[in-house]
Amino acid sequence: MKQLSPEARALLDAIAGSESAGRYDVIYGGQRFNSFADHPRVAVPITTGPNVGKTSSAAGRYQFLGSTWDDVARRHGLTDFSPASQDIGAWFLADDEYRRDTGRDLQAD
């Protein structure tokens with residue numbers, strides 16, 4: 001599995017701080033899950049903000065939606081939702097989005 005640079009880890013730590021307080025086992029709303037075999041896919045009702053009445057499947061250190069995780073995992077060959085896979089998936093997603101928006105490499109910048 002790809003090793004992340006110290007700069008990549010620092011960026012991911014900054015993202016995770018506001019998403020999950022750095023925890024890998026958090027479901028949207030604060031619940032926890034036990035198995036890292038796959039994204040937990042729990043639909044949690046949203047009770048505040050502009051999306052009240054909808055649900056969120058956000059989970060993990062970076063609060064991946066189930067559909068986003070499925071896409072990242074498929075494109076990058078991630079076979080579980082382990083902490084290492086979440087880190088790699090988050091980095092790939094950040095790099096993909098940065099490259100799409102700027103045409104540049106996130107790690108190089």
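Couple of notes before you dig in:
- The chain - percent of accessible surface contributed by carbon and sulfur, probe 1.4 Å: 52 percent
- Dimensionless Rg/Rh of the stretch 36-109 - Kirkwood Rh, Rg from C-alpha atoms: 1.04
- Phi to ³J(HN,Hα) by Karplus 6.51 cos²θ - 1.76 cosθ + 1.60 over the stretch 43-48, Hz, x for Gly, Pro: 8, 9, x, 8, 10, 9
- Charge tally in the Cβ shell below 11 Å around V26, where Lys, Arg are +1 and Asp, Glu are -1, V26 excluded: +1
- In the context of the full set of protein chains, the chain has a per residue accessible area of 57 Å² (1.4 Å probe).
The values are calculated or read from the model by the stated rules, or taken from the named source; none is laboratory data. Since this is a predicted model, take the numbers as computed values, not measurements. Glycine gets a Cβ as well: all are built from the backbone with ideal geometry, and neighbour counts include every protein chain shown. Accessible surface areas use protein heavy atoms only, side chains included; no ligands, DNA or RNA. Shrake-Rupley method; radii C 1.70, N 1.55, O 1.52, S 1.80 Å.
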